[in-house]
1. Given the residues B:Gly86, B:Gly53, B:Gly15, which is the only one that is out of contact with any Cys (no Cβ under 7 Å at 6 or more places or on another chain), under 23 Å from B:Ser167 (Cβ atoms) and surrounded by 14 or more Cβ atoms within 10 Å (Cβ to Cβ)?
2. With the condition being hydroxyl-bearing (Ser, Thr, Tyr) and either modelled with pLDDT under 90 or in contact with a Ser or Thr (Cβ under 8 Å, 6 or more places away or on another chain) (or both), I'd like the helices (runs of 4 or more DSSP H) fully within region B:68-171 carrying at least 2 qualifying residues.
3. So B:Leu51 fits all but one of (1) at the interface with another protein chain (Cβ under 10 Å from one of its Cβ atoms); (2) farther than 29 Å from B:Met23 by Cβ; what number is the exception?
4. Hey, any hits in region B:97-105 for a residue that's more than 9 Å from chain A (Cβ to nearest Cβ) and in contact (Cβ under 8 Å) with a residue 24 or more places away in the chain?
5. So, of the residues in region B:172-203 that are outside any helix (DSSP H, G or I) and modelled with pLDDT of 85 or more, which turns out to be farthest from the other protein chains (Cβ to nearest Cβ)?
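The values are calculated or read from the model by the stated rules, or taken from the named source; none is laboratory data. No experiment lies behind these values; they were computed from the predicted model shown. With ideal geometry, Cβ positions are generated from the backbone for all residues, glycine too; neighbour counts draw on all protein chains shown.
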Amino acid sequence: MFGGQVRLDLMAWSFGLNLIYLAGGGLFFLHTFRIARREGLLLHAGE
Amino acid sequence: MTAPHSEPDFGSLHGSVRRTGAMALRYIYILRSSWPRILELAYWPMMQMVLWGFISKFLLTNSTWVAQAAGVLIAAVLMWDVLFRGQLGFSVSFLEEMWSRNLPNLFVTPLRPHEFIVALIAMSMVRTLIGVLPAAGLAIVFYHFSIFDLGLPLIAFFFNLMMLGWSMGLIITALILRNGLGAESLAWMAMFILAPPCPGCFIPSVPCPTGCRPSRWHCRRAMFSRACARSCSVARCAST
């Protein structure tokens, strides 16, 4: 609001970090899903 | 004479796209058939817009900081809502499967976990747009502030925020899957854990305690939020 400019370098940094976070989150979800499937947690989901 | 039986398409991209589309369509049907769900999506962002908009109007005449950056709080609220609704849209779609005990039924089908994730991401986008667009319209009508004056950078801001929301949504849904519905409230409160160390969306870094500042300096989202707010000012000046 004060500088009146779009910082493309910060935008690129944000995008790169977000890709890393998204990949990390996806891997964590898939890993947890594999554990849930193995331990039968999917059947008891919702209790 | 029986109709020819078509074999299910397990491995190809076409089959994957069909399954993902089917899941997204399922969530759209659920949303479309329930006006309280649609109302609930739009309600809180609009209430935030009313609250922060009037605060902003008051501060405009009582604060030189806000006077220099008219619309900063309104833009911040809209961007925060994009982030929060992006994460919540992802998590709530998953939670609806948990509440209806439908997860076992889904995963005895050929549906793969990554296809499920893509469908949740698509629904997160739809839910966020339903939630945020009315609030953006309200800002135009009440406060004569249009976030769309940002132009093309708004699309980049939007996708950056959505990606962070999806990342949080993935982590939260994984925790709920592992720990059961006892962890359900994480879906609503987890995003606010980010708010104190990265408050660049509402306030500058100066009032933050010194110990918090390094984490904020590394928090690109704070800089990104300020960049967004700055570019709002450019658009606003250009339009007047």
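1. Numbers: B:Gly53 fails: under 23 Å from B:Ser167 (Cβ atoms); B:Gly15 fails: under 23 Å from B:Ser167 (Cβ atoms).
So the residue among B:Gly86, B:Gly53, B:Gly15 that is out of contact with any Cys (no Cβ under 7 Å at 6 or more places or on another chain), under 23 Å from B:Ser167 (Cβ atoms) and surrounded by 14 or more Cβ atoms within 10 Å (Cβ to Cβ) is B:Gly86.
2. The qualifying helices (runs of 4 or more DSSP H) are B:72-99, B:113-143.
3. Only one criterion in (1) at the interface with another protein chain (Cβ under 10 Å from one of its Cβ atoms); (2) farther than 29 Å from B:Met23 by Cβ is unmet by B:Leu51, namely (1).
4. Our first condition is that a residue be more than 9 Å from chain A (Cβ to nearest Cβ); within region B:97-105, this holds for B:105.
Filter once more, so that each one left must be in contact (Cβ under 8 Å) with a residue 24 or more places away in the chain: none.
Checked region B:97-105: no residue is more than 9 Å from chain A (Cβ to nearest Cβ) and in contact (Cβ under 8 Å) with a residue 24 or more places away in the chain.
5. Narrowing region B:172-203 to residues outside any helix (DSSP H, G or I): B:180, B:184-185, B:195-198, B:202-203.
So of that shortlist, the ones also modelled with pLDDT of 85 or more come out as B:180, B:184-185.
Working: B:Gly180: 7, B:Glu184: 10, B:Ser185: 16 Å.
The selected residue is B:Ser185.
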